[in-house]
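Participant: Please see the structure below; I have some questions.
The values are calculated or read from the model by the stated rules, or taken from the named source; none is laboratory data. The structure presented is a predicted model; accordingly, all values stated were derived computationally and were not measured. So basically every Cβ, Gly included, is an ideal-geometry build from the backbone, and we count neighbours across all protein chains shown.
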Amino acid sequence: MTAKESLQELVERMQANPEPIRPLHYVYQFDLEENEPFQVRFDSGTVEVIEGTPHPADCTLKLSASNFVKLLRNDLNTTMAFMLGSLKVDGRVGLALKLQEILKAY
């Protein structure tokens, strides 16, 4: 499954059960090594995937597409990935941790 397919599947699960994302009002940007950057915007229980970077990002995560899929599946040890340099975070690092908590709910 590609990164986009995995993300779309996650977005569908989030839209079906928006309670865990209701308090979020953030824009996450993902810079995948093999793809154009994209953003995921959370706003009051809605989630939107946006091609490109039209909004100021609260948190930017830089990683490979394969690690992104692992992140979505909760199969990535983010602490180790960060320490080893395969995950880079710009902006509010606390939001990266919050994202991991949210992903566990789905």
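Participant: So which of GLU48, GLU34 ends up being closer than 18 Å to LEU71 by Cβ and touching a helix residue (DSSP H, G or I) at 6+ places or on another chain (Cβ under 9 Å)?
Facilitator: When all the criteria are applied, what remains is GLU34.
Participant: In the range 71-84, is there at least one residue being hydroxyl-bearing (Ser, Thr, Tyr) and modelled with pLDDT of 90 or more?
Facilitator: No, the range 71-84 contains no residue that is hydroxyl-bearing (Ser, Thr, Tyr) and modelled with pLDDT of 90 or more.
Participant: Would you check which residues across the range 67-91 are under 22 Å from VAL11 (Cα atoms) and in contact (Cβ under 8 Å) with a residue 24 or more places away in the chain and list them?
Facilitator: Once the filter is applied, which keeps residues that are under 22 Å from VAL11 (Cα atoms) and in contact (Cβ under 8 Å) with a residue 24 or more places away in the chain, the range 67-91 yields PHE68, VAL69, LEU71, LEU72, ARG73, ASN74, LEU87, VAL89.
Participant: Only one of ARG13, ARG22 is basic (Lys, Arg), touching a residue at least 24 places away in the same chain (Cβ under 8 Å) and under 15 Å from ALA105 (Cβ atoms); which?
Facilitator: ARG13
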